[in-house]
1. Only helical DSSP H runs with n ≥ 4 go in: add -39500 (n - 2.57) per run for the chain, normalise by residue count and round the 222 nm mean residue ellipticity to 500 deg cm²/dmol.
2. Just need the Rg to Rh number for segment 32-117, please, alpha carbons only, Kirkwood Rh.
3. If eta is 1.567 mPa s and T is 4 °C, what Stokes-Einstein diffusion coefficient results for the chain, Kirkwood Rh from Cα pairs, in µm²/s?
4. What ranking do 23-35, 124-136, 107-119 get when scored by the average of other Cβ atoms within 10 Å per residue, highest first?
5. Which of Lys13/Lys141; Lys10/Lys116; Lys10/Lys141 have a Cα-Cα distance over 26 Å?
6. Compute the signed sum of charges (Lys and Arg +1, Asp and Glu -1) over the other residues within less than 13 Å, Cβ to Cβ, of Glu17.
Amino acid sequence: MRNITMAPTKTVKLAAELRPSILRLSRHLRREAQRGGSSSLDAQLLGTLREEPGLGVSELADMEQMSRPAMSAHVKRLMQLGYVQRETVKEDADRRRIGLIVTRTGTQYLRNVSEKRADWLAERLAELNTEDRTALDRAAKSLRHILEAQELV
C-alpha cells in the first residue's frame with residue numbers, strides 16, 4: 001500500500017504523468033526484440049545470464065519471478081535456438097547443479113536486439129529539439145538513480 005502523504009502532490013502528479021509514457025516506451029522497445037523472431041523475455045533472460053554466467057534454472061526463475069517449470073521450458077527453448085548451453089562442470093563441483101551460459105549465437109542475438117532498440121529510440125530522439133533531448137538526458141540519469149536505489153532493496 002502506498003503512502004501518498006509522504007510524497008508531495010507535485011511528485012505524485014509527476015509519477016502519474018511519467019508512468020504511462022515509460023510503460024508505452026517499454027512496450028515499443030520490447031516489440032523491437034520480437035521483430036527478430038524471439039520474445040523480449042529471451043533478451044531479458046540472455047542479458048541476465050550474460051551478466052551472471054553459471055546461474056541455474058532455479059536461480060533464474062527466482063530472479064525473474066517465474067515458476068521453475070515455466071523457466072525450465074523457456075531455457076530449453078533458448079538451448080534449442082543455440083542461445084544458451086550448459087556450463088562445463090568442474091571436477092570438484094556438484095554435478096546435480098547445472099549452470100547456464102550464453103553462447104556466441106546468443107551474444108550475437110543480444111547485440112542485434114540492442115542495436116535495433118537503440119536505432120528505434122535514436123530515430124525518435126532525433127525528432128526532438130535540443131532542449132528536449134537535454135531534458136531527457138537529465139531525466140535518464142535520474143531514472144538510473146531510481147533503478148539503482150531499488151536494486152539495493
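Just so you know, all these numbers are worked out from the coordinates, no wet-lab data involved. Just so it is clear, the structure is predicted and the values come from calculations on it, not from any experiment. Neighbour counts are summed over all protein chains in view; Cβ atoms, including those assigned to glycine, are modelled from backbone coordinates with ideal geometry.
1. Helix-only estimate at 222 nm: -23000 deg cm²/dmol.
2. Value, to two decimals: 0.98.
3. D, rounded to a whole number, is 71 µm²/s.
4. 107-119, 23-35, 124-136
5. The pairs that break the limit, which is 26 Å between Cα atoms, are Lys10/Lys116.
6. Result for the local shell: +4.
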